[in-house]
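The structure under discussion appears below in the form of structure tokens.
The values are calculated or read from the model by the stated rules, or taken from the named source; none is laboratory data. This structure is a prediction, so every number in the text was calculated from the model and none was measured. Heads up, the Cβs are rebuilt from the backbone with ideal geometry, glycines too, and the neighbour counts pull from every protein chain shown. Accessible surface is based on the protein model in full, side chains and every heavy atom, while ligands, DNA and RNA are left aside. Shrake-Rupley method; radii C 1.70, N 1.55, O 1.52, S 1.80 Å.
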Amino acid sequence: MKNKNINALVVEGGAMRGIFAAGVLDSFLMENFNPFDMCIGVSAGATTLSGYLSNMYERNMNVYTKYSTREEFINIKRFLQGGDLLDLDWLWDISIKELELDIETIINYKGKYLVGVTNIKTGKIEYIEPNINNISKVVKASSAIPVIYRSPIEIDGVKYADGGIADPIPVKSAYDRGANNIMVIRSRPKDYKMNLSKSYYLSKIVLRDYPNLILAIGNRANVYNSSIEFIRNHPKDVNILEINPSTNFKTTRFTTNVDILKEDYKRGLEAGKQAIINWYESPEKNITFNITN
């Protein structure tokens, strides 16, 4: 039987869809709510967690609405000319400079902060606990989507890409690390199921030097859907609280409309308030709660 005191927070990625998690986590900050022994994020989920663990209210919202919407970050023309569609280096550097992320507070977090990255050689997920020297590389690597961010990020001699490739919803990873009370913040409505990405075929050409990474991209939908199955039909020794945006959530992967982003941020705020209530009202029962807003 698992220790009944291990609480985990899991945050899914989804690029600009992370605005929903930004709202949820700001509700948590408003209520000083952090009962978690470990926080696990991949892709945009890792970035959003960094704002939460720094205790910086509205920082994530400002990054999404004031920086991620600019053409310095998302630029189709640059991509077509051979550059990156998403300039992660620019986004990280300017947001650190102008919003002064409190990295020391993140590093001193009482629990574990784990960032998922995909090893481009093996195609497997690896979880890194960032330190003050590598946090920028680790968090950027977790969001480095192959093809649209063309260069993998090297950490300690190993090259990594987007963690959402190999483990897009790391709920099973939290469970395998001993968590038996898990909150999962999704970036898709409850009924969403993933299909093989259209970019898979382009990946087979562009990433031909990394066959295991191609295999991981091809298998991503299966891993994603199996994670949802785990959430909905989990083992009896774990409680899972799932938070989803509702079907009227409008933000897509590359939304730059600030009004849409702010509206979906507010949906996240409301969902976060309800999540806190549900977390405390849930006794030690083997129940999955679904929250949509």
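Overview of results
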read-out: Residue that is surrounded by the most Cβ atoms within 10 Å (Cβ to Cβ) [pool: residues in the stretch 233-285 that are under 24 Å from M30 (Cα atoms) and among the polar types (S, T, N, Q)]; value: T251
read-out: Test: residue in the stretch 53-60 that is free of Cβ contacts under 8 Å to residues at least 12 places away in the same chain and over 19 Å from L114 (Cα atoms); value: no
read-out: Which numbered condition T122 misses (of (1) in contact with a Ser or Thr (Cβ under 8 Å, 6 or more places away or on another chain); (2) at pLDDT 95 or above; (3) hydroxyl-bearing (S, T, Y)); value: (1)
read-out: Qualifying residue in the stretch 187-200 (condition: out of contact with any Lys or Arg (no Cβ under 6 Å at 6 or more places or on another chain) and buried (at least 21 other Cβ atoms within 10 Å of the Cβ)); value: no
read-out: Residue match in the stretch 131-149 (condition: in contact (Cβ under 8 Å) with a residue 60 or more places away in the chain, buried (at least 18 other Cβ atoms within 10 Å of the Cβ), of a type in the set (K, R) and under 30 Å from D264 (Cα atoms)); value: no
read-out: Some residue of the stretch 214-232 being open to solvent by 10 Å² or more (accessible area, probe 1.4 Å), in a loop (DSSP other than H, G, I, E, B) and acidic (D, E); value: no
read-out: Exclusive hit being among the aliphatic types (A, V, I, L, M), surrounded by 21 or more Cβ atoms within 10 Å (Cβ to Cβ) and over 23 Å from Y149 (Cβ atoms), set M16, M56, M30, M38; value: M38
read-out: Selection within the stretch 4-25 - touching a helix residue (DSSP H, G or I) at 6+ places or on another chain (Cβ under 6 Å) and either closer than 17 Å to I276 by Cβ or part of a helix (DSSP H, G or I) (or both); value: A8, V10, V11, A15, G18, I19, F20, A21, A22, G23, V24, L25
